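Asker: Can you read through this structure? Questions will come right after.
Just so it is clear, none of the values below were taken in a lab; they were calculated from the coordinates. Since the structure is predicted, the reported quantities are computational estimates derived from the model, not experimental observations. Here Cβ is always computed from backbone atoms with ideal geometry, including for glycine, and neighbour counts include all displayed protein chains.
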Amino acid sequence: MPAFPDISTVQYEGPQSDNPLAFRWYNPEEVVEGKTMKDHFRFSIVYWHTFRGTGSDPFGPGTAVRPWDDGTESVENAQNRARVAFELFEKLQAPYYAFHDRDVAPEGASLSETNANFDAVADVLEEEQQRSGVKLLWGTANMFSNPRFMHGAATTCNADVFAYAAAQVKKAMDVTHRLGGENYVFWGGREGYQNLYNTDMKRELDHLAKFFHMAVDYAKEIGFTGQFLIEPKPKEPTKHQYDSDAAACMNFLRAYDLTDHFKLNLETNHATLAGHTMMHEIDYTGAQGALGSIDANTGDLLLGWDTDQFATDYYLTTQMMYYILKHGGLGSGGVNFDAKVRRESFEPIDLFYAHVGSMDAYAKGLKIAAAIRADNALEGFISERYSSFDSGIGAKIEAGEVSFADLEAYMLEKGDAAPNVSGRQELLESVVNRYIDRV
Ligand code: XLS
Ligand code: NI
Ligand code: NI
């Protein structure tokens, strides 16, 4: 029995369509900059929000109506839910999905029981992957919900909890490997602190690095060649998380000799919480050669927490796609919808409206970004803006051929610097609008 009997596979109908269950912009086989849209995005649907989200908030319980879910924590319910999930993935034409270990299978009374539950659901996930062709973008371990992780997982003060976390990640890597996962993600929800008075920050960071090195070693041991990703977020649930933004992550990876093994999974709402734009985070990470994947969502600028909304804003999607294209795409990553429908959007069909609308927003953003790039409309301005470094003294500076003394001699002779030219921000903002209008 299908869970969504009234919904058929969402198809591309073109920009003029009024059908909310059709794509207006996402045309999987359409080629942009030499690559199909399907390959640009590698769209992925998250298990946690879409299949475990209830709509609860600190002021009230869940509202979501999910007729296929019997509300129990049984393995059977989890297996049935997995089949429903794949029906949705297929009907949305999403080639990938992503999960935490605890989203897909219930915890048991002991670690071995928990692992057995996970295996029993992984059997169904494997079956469904083979049947549908939908693949696993990434797996991860939830090391933030269970009370044992109150002080952190790899950064806990409790050595036994560190050991438990290691065992849990080992198992999550095994299952990710078994299911052909193309990446493995670490998001350090409780890897941080609430107050430095009780925290040995240096020791915690050293432990976190040890933990990551053990993961790298274990991947080698089992032959897992997927990409490791760290997902930056500055706060929530803790006051300060160690992976606070892209720059902090890169510094950590470099300090602990991990840059060869990790890239970053950037999330829009996390960038906002860190006080950055998403395009900043993408451009910074891309410049470091570490752009791995994207958790696609958006925040609400009037609310100070991770609201994980579906993005529909063309400015945002254009900016994201522009910088993703600039840095050569997402490689083994994808555009992963780490987003949830609002508590008031409680019907199953809202899950479809949400994904279709956001997939379309990214597809249009890609087309706008590609049009800007085709005309060199921003890059042309930028290369002109820095052209004083192309020859003469600028070229010597870049080549490392001059010292402070040389530059002093140069300027003493010249008397003053050449005049500046306008940055033209307002013009460039209008240029971007022009492309949004045109596509
Ligand atoms: C939470 C994170 C989380 C990760 C996976 O804010 O976005 O959902 O993506 O653990
Ligand atoms: Ni995320
Ligand atoms: Ni998040």
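Asker: Please report the spacing between the Cα centers of the range 368-420 and the range 87-102 in Å, no decimals.
Answerer: First find each Cα centre; the distance between them is then 47 Å.
Asker: Compactness ratio of the range 287-371: Cα Rg over 2.2 N^0.38 Å, N = residue count? Could you put the intermediate results ahead of the total?
Answerer: Values: Rg = 13.7 Å, N = 85, 2.2 N^0.38 = 11.9 Å.
So the Cα radius of gyration is 1.15 times the expected 2.2 N^0.38 Å.
Asker: So which lysines pass the test for K220, namely a Cα distance under 24 Å, with those fewer than 8 places away in the same chain ruled out?
Answerer: K135, K170, K171, K210, K263
Asker: Quick one: what does P(r) look like for the range 115-274 with 10 Å bins over all Cα pairs, in whole %?
Answerer: For the range 115-274, the binned pair fractions read 11, 38, 36, 13, 2, 0 percent.
Asker: If the only charges are +1 at each Lys and Arg Cβ and -1 at each Asp and Glu Cβ, what is the size of the charge dipole of the range 21-110 around the Cα centre, to the nearest 20 debye? Before the final figure, lay out each step's value.
Answerer: On the way: 10 positive and 14 negative charges, 46 e Å.
I would put it at about 220 debye.
Asker: Give the lysines reachable from K367 as a straight Cα distance under 20 Å; neighbours fewer than 8 places away on the same chain don't count.
Answerer: Within the straight-line cut-off, K367 pairs with K35, K38, K326.
Asker: For the range 45-61 and the range 278-301, compute the distance between their C-alpha centroids and round to whole Å.
Answerer: Between the Cα centres of the range 45-61 and the range 278-301 lies a distance of 24 Å.
Asker: Another question, if that's okay. Under 16 Å from the Cα of K396, which aspartates and glutamates turn up, not counting those fewer than eight places away in the same chain?
Answerer: Cα-Cα hits under 16 Å: D406, E408.
Asker: Given the range 350-399, report the % of alpha carbon pairs whose separation exceeds 16 Å.
Answerer: 62 percent
Asker: Determine, from the Cβ-Cβ distance of E384 and L301 and an R0 of 45 Å, the FRET efficiency 1/(1 + (r/R0)^6), rounded to the nearest 0.05.
Answerer: On the way: r = 33 Å, r/R0 = 0.73.
Approximately 0.85, to the nearest 0.05.
Asker: Within the range 349-439, list the chymotrypsin sites (Phe, Trp or Tyr not before Pro) lying in a DSSP loop whose Cβ has at most 13 other Cβ atoms in a 10 Å radius. Before the final figure, lay out the partial values.
Answerer: On the way: sites: F352, Y353, Y362, F381, Y386, F389, F404, Y410, Y435; in loops: Y386.
Within the range 349-439, the qualifying chymotrypsin sites (Phe, Trp or Tyr not before Pro) (loop, at most 13 other Cβ atoms within 10 Å) are Y386.
Asker: How much space per residue, in cubic angstrom, does the convex hull of the C-alpha atoms of the range 324-439 take up? Please list the in-between numbers first.
Answerer: Numbers: hull volume 22.8 nm³, N = 116.
Value for the range 324-439: 196 Å³ per residue.
Asker: Run lengths n ≥ 4 of DSSP H only: what is the helix-derived mean residue ellipticity at 222 nm for the chain, with -39500 (n - 2.57) per run over all residues, to the nearest 500?
Answerer: Working: 15 runs with 195 residues, N = 439.
My calculation for the chain gives -14000 deg cm²/dmol from helical runs alone.
Asker: After finding the eigenvalues of the alpha carbon gyration tensor for the range 211-312, what semi-axes result from the square roots of 5 times each, listed largest first in whole Å?
Answerer: Numbers: eigenvalues 132, 37, 35 Å².
So the three semi-axes of the range 211-312 are 26, 14, 13 Å.
Asker: Based on DSSP, what percent of beta bridges with both residues in the chain are antiparallel, to the nearest 5?
Answerer: Numbers: 6 of 33 bridges.
Antiparallel bridges make up about 20 percent of those DSSP assigns within the chain.
Asker: A further question on this structure: Might you report the magnitude of the Cβ-based charge dipole of the range 78-150 about its Cα centre, with Lys and Arg at +1 and Asp and Glu at -1, to the nearest 20 debye?
Answerer: Details: 7 positive and 11 negative charges, 48 e Å.
Using only the charged Cβ atoms, the result is roughly 220 debye.
Asker: Where the only charges are on Cβ atoms (+1 Lys, Arg; -1 Asp, Glu), what is the dipole of the chain about its Cα centre, to the nearest 20 debye?
Answerer: Details: 39 positive and 64 negative charges, 11 e Å.
Computed charge dipole of the chain: roughly 60 debye.
Asker: Which semi-axis lengths, in whole Å and largest first, follow from the square roots of five times the eigenvalues of the Cα gyration tensor of the range 1-108? Write out the running numbers ahead of the final one.
Answerer: Numbers: eigenvalues 182, 53, 38 Å².
The answer is 30, 16, 14 Å, longest axis first.
Asker: To one decimal place, what Kirkwood hydrodynamic radius in Å is obtained for the range 379-433 from all pairs of distinct Cα atoms? All intermediate terms of the calculation are to be shown ahead of the outcome.
Answerer: Numbers: mean 1/r = 0.0752 Å⁻¹.
Radius from the Kirkwood sum: 13.3 Å.
Asker: Shifting gears a bit: Counting other beta carbons within 10 Å of each residue's own, what order do W187, W305, W138, W68 fall into, fewest first? Could the numbers behind the result be given before it?
Answerer: On the way: W187 23, W305 11, W138 28, W68 17.
So the residues, fewest neighbours to most, are W305, W68, W187, W138.
Asker: Taking Cα centroids, how far is the range 231-264 from the range 322-350 in Å?
Answerer: So the separation of the two Cα centres works out to 21 Å.
Asker: Provide the convex hull volume over Cα atoms per residue for the chain, in Å³.
Answerer: Hull volume over Cα atoms, normalised by residue count, gives 181 Å³.
Asker: Cα axis of helix 314-326 to longest principal axis of the chain: angle in degrees, 0 to 90, nearest 10?
Answerer: With rounding to tens, the tilt is 70 degrees.
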